[in-house]
Amino acid sequence: MEWKIIFYNEALQYEILNLPVGIQARYIHLTQRMLKYGPDLGMPHTCAMGEGLFELRLKSKEGIARLFYCTLSDYNIMILNVFIKKSQKTPLKELKTARLRMREVKKHDDTR
């Protein structure tokens, strides 16, 4: 069974489509692998952030971006948040947003 990628909302999908070209190419390459092999590609591509939250690490000559996602039933990968990384540490605001969205979508996923 192949995995399917869904987005938290349309604005997020638009943000991803507007990433710098090199980062976007990396996103496409890694998400194609995720669709075929599953959400955990291992380091340095993916990293478990705890409680079911994962990070997709995108790096190119234009910079570094991070994308948070979680898994849902029926082989679905839910993209929760994306941001351009400007410092060594992951911004707490971005992590909180991803965790809040994950709780929301998992709650609705459990009620199906």
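Would you please name the GluC sites (Glu not before Pro) within the range 1-103 that are DSSP coil residues with at most 16 other C-beta atoms within 10 Å of their C-beta? Let's see the in-between values first.
On the way: sites: Glu2, Glu10, Glu15, Glu51, Glu55, Glu62, Glu94; in loops: Glu2, Glu51, Glu62.
Those satisfying the criteria are Glu2, Glu51, Glu62.
Rounded to whole Å, give me the distance from the Cα center of the range 63-79 to that of the range 29-47.
One Cα centre to the other: 10 Å.
Order Ile64, Ile77, Ile5, most accessible first, counting only protein heavy atoms with a 1.4 angstrom probe.
On the way: Ile64 55, Ile77 0, Ile5 35 Å².
Final ranking, largest accessible area leading: Ile64, Ile5, Ile77.
Name the trypsin sites (Lys or Arg not before Pro) in the range 53-105 that are in a loop by DSSP and that have at most 14 other C-beta atoms within 10 Å, would you? Present the calculation step by step, with values, prior to reporting the outcome.
Numbers: sites: Arg57, Lys59, Lys61, Arg66, Lys85, Lys86, Lys89, Lys93, Lys96, Arg99, Arg101, Arg103; in loops: Lys61, Lys86, Lys89.
Qualifying residues, ordered by number: Lys61, Lys86, Lys89.
Just how many pairs of Lys in the chain have C-alpha atoms closer than 17 Å, counting pairs that are eight or more places apart or on different chains?
Taking the Cα cut-off of 17 Å, the pair count is 11.
Work through the residues other than Ala48 whose Cβ is under 10 Å from its Cβ and net out their charges, Lys, Arg +1 and Asp, Glu -1. Spell out each step's value before the answer.
Values: positive: none; negative: Asp40, Glu51, Glu55.
Residues close to Ala48 contribute a combined charge of -3.
Sorted by accessible area (1.4 Å probe), largest first, how do Cys47, Cys70 line up?
Reading off the accessible areas and sorting them downward yields Cys47, Cys70.
Give me P(r) over the chain, computed from all C-alpha to C-alpha distances, binned every 5 Å, as integer percentages.
2, 12, 23, 27, 22, 10, 3, 1, 0
For the chain, what does -39500 (n - 2.57) per DSSP helix run (n ≥ 4), summed and divided by total residues, give at 222 nm, in deg cm²/dmol to the nearest 500?
Values: 3 runs with 44 residues, N = 112.
For the chain, the value works out to -13000 deg cm²/dmol.
If you take the charge dipole of the range 63-106 about its Cα centre, with +1 on Lys and Arg Cβ and -1 on Asp and Glu Cβ, which of Val82, Gly63, Met102 is farthest toward its positive end?
Gly63
I'd like the accessible area for Ser87, computed on protein heavy atoms only with a 1.4 Å probe and all protein chains in place. Round to 10 Å², please.
Surface accessible to solvent at Ser87 totals approximately 70 Å².
May I ask you to give the percent of accessible area on the chain that is carbon plus sulfur, with a probe radius of 1.4 Å?
Working: 3740 of 6970 Å².
Whole-percent figure for carbon plus sulfur exposure: 54.
Can you give the accessible area of Thr97 in Å² (nearest 10), computed on protein heavy atoms with a 1.4 Å probe?
Counting only protein heavy atoms, the figure is 40 Å².
In Å², what does the accessible area per residue of the chain work out to with a 1.4 Å probe? Provide the component values of the computation, followed by the final result.
Numbers: 6970 Å² over 112 residues.
Dividing the accessible area of the chain by its residue count gives 62 Å².
Please identify the chymotrypsin sites (Phe, Trp or Tyr not before Pro) of the range 33-112 that satisfy two criteria: DSSP loop assignment and at most 15 other Cβ atoms within 10 Å. Which are they? Intermediate values should be presented prior to the final figure.
On the way: sites: Tyr37, Phe54, Phe68, Tyr69, Tyr75, Phe83; in loops: Tyr75.
Qualifying residues, ordered by number: Tyr75.
I need to check one value: relative contact order of the chain, counting alpha carbon pairs closer than 8 Å and at least 6 residues apart, in percent. The partial results should precede the final answer.
Numbers: 159 pairs, mean separation 28.9, N = 112.
That works out to 26 percent.
Take every Cα pair under 8 Å in the range 15-68 that's 6+ residues apart, average their separations, divide by the length, and report that relative contact order as a whole percent. Display every interim value, and only then the final one.
Details: 57 pairs, mean separation 17.1, N = 54.
Relative contact order of the range 15-68: 32 percent.
The values are calculated or read from the model by the stated rules, or taken from the named source; none is laboratory data. Computed from a predicted structure; not experimentally measured. So basically every Cβ, Gly included, is an ideal-geometry build from the backbone, and we count neighbours across all protein chains shown. Surface accessibility is based on the protein's heavy atoms, side chains included, excluding ligands, DNA and RNA. Shrake-Rupley method; radii C 1.70, N 1.55, O 1.52, S 1.80 Å.
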